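Here the structure is laid out as structure tokens; the discussion comes afterwards.
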2 protein chains.
Amino acid sequence: MATTVLGKDPRCPVARSLEVLGEKWTILVVREALAGVTRFSDFQQRLGVAKDVLAARLSTLVEFDVLERHSYRAEGERERSEYLLTDAGRDLGVVLASFAQWGDTHRPTGFGPVVEHRERATNELLHIAFVTSDGREVPLDRVESVSGPGALPAAG
Amino acid sequence: MATTVLGKDPRCPVARSLEVLGEKWTILVVREALAGVTRFSDFQQRLGVAKDVLAARLSTLVEFDVLERHSYRAEGERERSEYLLTDAGRDLGVVLASFAQWGDTHRPTGFGPVVEHRERATNELLHIAFVTSDGREVPLDRVESVSGPGALPAAG
DNA sequence: ACCCTGGGTTGCAAAATCAAACTCAGATGC
DNA sequence: GCATCTGAGTTTGATTTTGCAACCCAGGGT
């Protein structure tokens, strides 16, 4: 399944992201990795996913350079492997945060948000939004989508 | 499938979002809806998805208030139904854009981005990022996740 | 009356998921 | 030295989803 592109446009960046992230459990595996989980058994226990599925997802994430498999040896233990986020994996923090923001806004639990994102230095509460290159936020209703340099002549 | 929560924490906003959006094709259906597609046959042709799966995904999206089903009648034609985005659906523009941004950055095609987001008034190029409540962008490496008011005592 | 088209449903094969059992290798206890 | 435990998977078989093709139905056109 690694090279099957969903939908008809292999250039669509959403479809290409989904090729890596679109299978069941993958995003939750990334969520755990962002929360600091590195070991197979910890992923497995925290998610409650079947071990064969977890092994497949971790392999896919390693294959697409979201995670790296490392071997390490703790004091007086045998060698084990752990899964560490790459830069690409850490960048998924934005994707995960946008999912979380949508879920908190449109499917609230009534308890308030479970996780918040804050600026380390100032402790200010953060959210995900469109911004200009000089860092000014633009509200969603003033954003338009236009076709970019990689678009095919006819389609958008 | 509508009430099965993936993973162990039903309060996790990512998992709750994935309950609505996590099945195969769902995100691409939303992508097409954001691009202005409203009719069953247009979704079907543009995505190349099986009709039964498309019908199931549209029903789920209607059920969870991402789309609304409307009836309309064009000149000299019979009544048909169309699917229009709700506010919740339009808010998914941020989620889709973050997917697109990650795909363009970490799985580039070599042709450049297919779609770009611009501010309507100024035509400035936009991207997705963390911002403070007063609209100042904060780079990812200065962002930390902390548990919020809805978190359970022990877990984060 | 017959055909066409949009918007689905039905039935069946193929693929993915699940849960439990099994493997394997190195540490630990006896 | 042998049995046992633990982490990290693989194998096996049942259950669910998905994919695909065929069918259905209603309204309009001819």
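The values are calculated or read from the model by the stated rules, or taken from the named source; none is laboratory data. Note that the coordinates shown come from a computational prediction; the quantities given were computed from them, not determined experimentally. Here the Cβ positions follow ideal geometry from the backbone for every residue, glycine too, while neighbour counts run over all protein chains shown.
Some values worked out for this structure:
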quantity	calculated
Segment A:90-126: number of residues that are in a strand (DSSP E or B) and surrounded by fewer than 17 Cβ atoms within 10 Å (Cβ to Cβ)	1
Pick from segment B:22-53, criterion among the aliphatic types (A, V, I, L, M) and more than 12 Å from every other protein chain (Cβ to nearest Cβ), ranking: farthest from DNA strand C (Cβ to nearest atom)	B:Ala33
Residue in segment A:72-92 that is within 16 Å of DNA strand C (Cβ to nearest atom), modelled with pLDDT under 95, in contact with a strand residue (DSSP E or B) (Cβ under 8 Å, 6 or more places away or on another chain) and hydrophobic (A, V, I, L, M, F, W, C) present	yes
Total residues in segment A:16-60, condition among the aromatic types (Phe, Trp, Tyr), closer than 18 Å to A:Leu96 by Cβ and in a helix (DSSP H, G or I)	1
Qualifying residue in segment A:85-92 (condition: under 30 Å from B:Val62 (Cα atoms) and away from DNA strand D (no atom under 15 Å from the Cβ))	yes
Number of the exception - B:Arg57 against (1) touching a residue at least 12 places away in the same chain (Cβ under 8 Å); (2) within 13 Å of DNA strand D (Cβ to nearest atom); (3) at the interface with another protein chain (Cβ under 8 Å from one of its Cβ atoms); (4) of a type outside the set (A, V, I, L, M, F, W, C)	(3)
